[in-house]
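Take a look at the structure set out below.
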Amino acid sequence: MTNLPLWFIPLFPLIGCIVLGAIALISSGSKKGPSEGIVGALSVLFPALAFVSVVLLSFNMPEGGIRSTLCNWIDIPMFNVDIGFLFDSLSRIMLLFVTGIGTLIAMYSLGYMHGDRGFARFFAYINLFLFSMIVLVLSDSLLFTFLGWEGVGLCSYLLIGFWNHDVNNCKAANKAFIVNRVGDIGFLLGMLLLMTIGGSNILNYDALNAFINMIMGSAENANIVVLILSIAGICFFIGCTGKSAQIPLLTWLPDAMAGPTPVSALIHAATMVTSGVYLLARLSTMFVHLTAVLHIIVIIGMLTAFWAAVAGLFQNDIKKVLAYSTVSQLGYMFMASGAAAFDASIFHVFTHAFFKAALFLGAGAVIHSLAGEQDMRKMGGLLKKTPVTACVMIFAFLAIIGIPGFSGFWSKDLILERLYMMDWVVPVEFTIPLFNLHYSFEILMNQVVYVVGLLTAVITAVYMSRLIILTFFGSYRGSKESEAHIHEAPATMLIPMVILAFGAVFAGYFWADSMGIKYFEESLAPVVGAAQAVIHHSEAHVGAAVFAGLGTLAALLGMGIAWAKYGKARIPAAKGSSAPQGKMATWTFFWDYVHGVVITVVNAIAWVVDSCVDKLVQFAQWLVGGIAEILGDGAASFQVRKVRLQIALSIAGVAALVIVVLLTGGLI
């Protein structure tokens with residue numbers, strides 16, 4: 001085991017952010033801006049150093065992981081929190097692809113952002129984003145994780161709205177920031193609820209796991225504690241729906257396509273959107289004792305995966321297709337987490353990081369070659385014109401739809417298998433009084449979720465096949481001027497794409513159980529193995545080959561449907577905006593409409609409450625003023641020159657005092 005301190009990992013991107021930010025600030029007044037060569041070298045160097053640090057720490061890491069306390073953060077009565085790091089098998093896997101793919105995306109950005117006036121500022125944001133993501137993953141407590149959680153939210157706002165001269169980019173950045181803040185309220189409430197039963201120490205992951213194991217092993221006060229933990233679990237899940245774009249807080253992610261394409265790859269593939277899945281795995285010891293919460297997670301994940309897959313069918317913007325694909329794939333990850341298959345969900349996070357990053361960077365290369373065109377209806381025939389980009393995207397496409405041998409085949413079929421093995425039966429009873437009939441039956445929810453997941457896989461293959469066909473096959477449908485501009489991406493863009501394509505093909509073999517390779521499963525066992533053993537799973541009664549066969553059939557069926565519809569058909573000329581129209585728009589923007597209704601209702605309630613409060617304040621002012629006026633007039637009336645009245649009152653006062661003295665004396 002190396003003696004490298006854990007804080008070295010976040011230190012390098014932080015230094016990169018400071019240095020590049022200073023360069024951007026110093027050169028802001030110059031006409032030419034900073035040297036792209038120097039900025040580019042520094043931009044890739046610091047993430048690469050963070051990646052090397054993770055690799056060095058990974059060698060001979062003890063089974064229990066490495067823990068390091070940097071300093072005390074908060075020390076006040078009844079609240080004490082340290083800044084500490086936890087490097088175990090879960091954080092190791094996350095950090096390997098966060099820093100590794102982050103480095104590749106930084107390298108890709110050198111070519112994509114070439115000539116941009118904000119070149120240095122962009123890479124300062126990228127390094128700050130990686131620093132925040134590393135803090136989120138490496139933290140040993142919920143509160144410190146929340147610091148990184150908020151950091152990636154801030155950086156997403158800065159990166160999505162990077163080209164802030166366009167008002168649409170600013171709106172997308174604001175939307176991402178605000179929607180994530182709504183989810184973050186859930187994270188905060190979850191921490192506060194945990195503190196009510198365990199104090200500030202419970203925010204430490206090791207202390208939380210020890211507390212849960214203790215309380216679940218004791219019957220005393222277990223019911224009330226489980227109730228509080230359940231509410232806290234729902235709150236944390238709400239936070240996860242914001243970061244990982246699940247129903248209902250998913251509307252920000254498709255709009256995040258307004259930012260530069262490397263930003264889309266960074267946010268959607270390997271970092272920010274996987275934060276929610278990571279948090280569920282990190283809190284697996286708590287969630288496995290909250291069966292109702294797990295069921296909610298499964299249902300939300302299932303609905304999100306299906307809804308986003310259908311929405312992906314209607315998109316014409318190549319980046320929007322990939323955005324809805326990300327939302328759908330995140331739904332699979334949440335379904336796996338809800339089924340207490342945390343290792344399978346993290347494995348899909350791992351494979352998804354490769355094939356989705358390759359798809360986004362490939363899409364960026366296509367857009368770059370077409371001078372900014374993103375409408376797939378104006379593409380076509382690019383297989384011959386940009387062969388390397390086409391091969392990268394085709395390999396990643398085969399991975400995401402689950403063709404055998406590619407990474408998505410291993411992870412997605414594993415999730416579907418675990419979903420089928422859930423032990424979840426819902427009894428249903430109802431009576432028809434008129435006919436005196438009584439019915440009772442059971443819904444096997446594991447089969448329902450499995451079928452929806454398999455159907456979603458078919459739809460995934462359809463919209464992804466449509467993307468590949470419209471982009472790379474057939475004849476070019478754009479203008480002659482843009483056709484003359486088509487060219488392959490530069491080497492700084494192609495090299496990261498090829499590396500990611502290699503991962504999209506082979507990353508799945510880290511869990512090739514049929515080949516005797518169980519690295520991923522065995523590696524994550526010390527972190528989530530004990531938690532997963534708490535949940536009972538039913539027998540599948542069929543072999544893994546059956547699940548693999550059905551998954552492959554779903555992929556082939558989807559490809560066949562797409563080829564029958566788009567393969568030989570004449571694609572109509574694109575008219576107007578690439579945004580969906582009519583019923584397709586209604587489905588696509590359904591949750592935006594829901595958010596609009598909620599905001600309208602909240603504003604109406606706020607207006608009513610504000611009006612009522614205003615009226616109450618006015619009434620209180622009138623009442624107090626009236627009483628003051630009456631009392632003032634009454635006091636003034638005693639000040640008029642009425643000698644006999646004043647004498648009478650004086651006598652009455654003296655008499656009262658005499659009576660009080662006599663009574664008091666008598667009592668004594």
Within the range 300-320, is there a residue that is touching a Pro at 6+ places or on another chain (Cβ under 7 Å), more than 26 Å from Met422 (Cα to Cα) and open to solvent by less than 10 Å² (accessible area, probe 1.4 Å)? yes
In the range 29-64, how many are in contact (Cβ under 8 Å) with a residue 24 or more places away in the chain and out of contact with any Ser or Thr (no Cβ under 7 Å at 6 or more places or on another chain)? 16
Would you confirm whether or not the range 344-352 contains a residue that is among the hydroxyl-bearing types (Ser, Thr, Tyr), under 20 Å from Ser479 (Cβ atoms) and crowded, with 24+ Cβ neighbours inside 10 Å? no
Filter the range 405-456 down to residues that are of a type in the set (Phe, Trp, Tyr) and more than 20 Å from Gly543 (Cβ to Cβ) and give me whichever is surrounded by the fewest Cβ atoms within 10 Å (Cβ to Cβ). Phe435
With the checklist (1) modelled with pLDDT of 85 or more; (2) open to solvent by less than 70 Å² (accessible area, probe 1.4 Å) in hand, flag the one item Gly582 doesn't pass. (1)
What number of residues in the range 167-194 are without any contact (Cβ under 8 Å) to a residue 40 or more places away in the chain and either over 23 Å from Pro254 (Cβ atoms) or over 22 Å from the mean Cα position of the chain (by Cα) (or both)? 2
Within the range 506-544, how many residues turn out to be among the aliphatic types (A, V, I, L, M) and either outside the structural domain of Phe355 (by TED's automatic domain parsing) or at pLDDT below 80 (or both)? 6
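I need the helices (runs of 4 or more DSSP H) fully contained in the range 198-309, keeping only those with at least 1 residues that are modelled with pLDDT under 95 and in contact with a Cys (Cβ under 7 Å, 6 or more places away or on another chain).
Fully inside the range 198-309 and qualifying: 275-282.
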Working only within the range 1-28, note down all residues that are in contact (Cβ under 8 Å) with a residue 60 or more places away in the chain, of a type outside the set (A, V, I, L, M, F, W, C) and surrounded by fewer than 19 Cβ atoms within 10 Å (Cβ to Cβ). Pro5, Gly21, Ser27
Scanning the range 472-505 for residues that are among the hydrophobic types (A, V, I, L, M, F, W, C) and open to solvent by 70 Å² or more (accessible area, probe 1.4 Å), which turns out modelled with the lowest pLDDT? Ala484
Scan the range 426-459 residue by residue and report those that are among the polar types (S, T, N, Q) and either under 29 Å from the mean Cα position of the chain (by Cα) or under 20 Å from Asp413 (Cα atoms) (or both). Asn446, Gln447, Thr456
Failed condition for Val182, given (1) within 28 Å of Thr99 (Cβ to Cβ); (2) open to solvent by 20 Å² or more (accessible area, probe 1.4 Å): (1)
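Can you go through Lys378, Lys384 and tell me which one is free of Cβ contacts under 8 Å to residues at least 40 places away in the same chain, at negative phi and not small (Gly, Ala, Ser)?
The unique qualifying residue is Lys384.
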Determine whether Ala555 is in contact with a Lys or Arg (Cβ under 6 Å, 6 or more places away or on another chain), assigned to a helix (DSSP H, G or I) and either without any contact (Cβ under 8 Å) to a residue 24 or more places away in the chain or within 30 Å of Leu382 (Cβ to Cβ) (or both). no
Tabulated pairs, the range 409-432, first of a type in the set (S, T, N, Q), second outside any loop (DSSP other than H, G, I, E, B) and at pLDDT below 90, C-beta under 8 angstrom, 6+ apart or interchain: Ser411/Gly508; Ser411/Trp511; Thr431/Leu437; Thr431/His438; Thr431/Tyr439
In the range 223-250, how many residues are open to solvent by less than 20 Å² (accessible area, probe 1.4 Å), without any contact (Cβ under 8 Å) to a residue 60 or more places away in the chain and farther than 18 Å from Tyr278 by Cβ? 1
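The values are calculated or read from the model by the stated rules, or taken from the named source; none is laboratory data. If you're wondering where the values come from, they're calculated on a predicted model, not measured in any experiment. Cβ sites come from the backbone with ideal geometry, for glycine too, and all protein chains shown count toward neighbours. These accessible areas exclude ligands, DNA and RNA; they are computed on the full protein's heavy atoms, side chains included. Shrake-Rupley method; radii C 1.70, N 1.55, O 1.52, S 1.80 Å.
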